[in-house]
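To start, the structure itself, in structure tokens.
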Ligand SMILES: [Zn+2]
């Protein structure tokens, strides 16, 4: 190990949190998170394609968290706010687009809706979080190919009396010409979309997600898949708690929290009585 690398690694702990690589500029080079900061940073040194970034690194800052979810939430906020040079730029879409499934007299209807019109996290039967209408349509087209769905029935292709184009290619099971029951087609549509379901916020109000490391406790306040702030037993509030009213659905926070919350893996405290 060379001296520079040794100096950079010197104080890094085997603990969860966020690490920031600083170079000579006032913008960070890179922001990452891990349940074991020291091991993760060492793995950056082993990546040949990351050598240029590591060569520019002068100092590594650590922000410890009491657990993994706290690290994920903090990393997500920091990358958004500080725009590090080497992190992949996430293009922020103004609106999210989703498929909304609803019943009609003829069968399930898939309607393309945006966050300008529906409240994500509060509206059931939404599928997918797409940056554009185009992306939503492309995904449904790909799912249709995998599940032998009818593009005409899905509204992605013009209908004609001779059936959809996919029928000739045997990519459609014939719902458009009455060869397949609509209910069977719709069942496949539902199961095709299942993995993309956007879950409704499962609590009546805000919750605290509690993480603990020894006697150190952090409570992350969340409502409607939106992060409000963190209370810390060491006396520091990481971010001032925003009001619950200002909380709008956040796709990044949703991605971090949906599994731990729905699988019941996280320690939760109800805050509705406060
Ligand atoms: Zn068809």
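For the pair residue 5 and residue 81, what calculated FRET efficiency results from E = 1/(1 + (r/R0)^6), where r is the Cβ-Cβ distance and R0 = 22 Å, to the nearest 0.05?
0.20
Just subtract the alpha-carbon distance of residue 200 and residue 43 from 0.36 nm times their residue separation and send over the number in nm, one decimal.
Gain in length upon complete extension: 52.8 nm.
So for segment 97-196, Kirkwood radius off the Cα pairs, Stokes-Einstein at 10 °C and 1.306 mPa s: how many µm² s⁻¹?
The diffusion coefficient I find is 115 µm²/s.
Please give the FRET efficiency for residue 68 paired with residue 88, using the beta carbon to beta carbon distance and R0 = 25 Å, rounded to the nearest 0.05.
Given R0 = 25 Å and the Cβ-Cβ separation, E is 0.75.
For segment 3-82, taking Cα atoms only, what is the radius of gyration to one decimal and the Dmax to the nearest whole Å?
For segment 3-82, the Cα-based Rg and Dmax read 11.9, 33 Å.
Under a 10 Å cutoff between Cα atoms, tell me which one of 200, 177, 109 has the largest fluctuation in the Gaussian network model of the chain.
Highest fluctuation of the listed residues: 177.
So for the pair residue 168, residue 55, with labels modelled 7 Å out along Cα→Cβ, what separation do we get in nm?
Reported label-point gap for residue 168 and residue 55 is 5.7 nm.
As a test, work out the antiparallel percent of DSSP beta bridges whose residues both lie in the chain, rounded to the nearest 5.
Within the chain, antiparallel bridges account for around 100 percent of the total.
Could you tell me the ratio Rg/Rh of the chain? Both radii from Cα atoms, Rh via Kirkwood.
1.08
Please work out the FRET efficiency for the pair residue 255 and residue 213, using the Cβ-Cβ distance as r and a Förster radius of 25 Å; give the result to the nearest 0.05.
0.60
Cα extents of segment 28-157 along the three principal axes, largest first, in whole Å?
64, 31, 24
Bear in mind these aren't lab numbers, they're just calculated from the coordinates by the rules spelled out. On a predicted model such as this, the values are computed, not experimentally measured, just so you know. We place every Cβ from the backbone using ideal geometry, glycine too, and count neighbours over all the protein chains shown.
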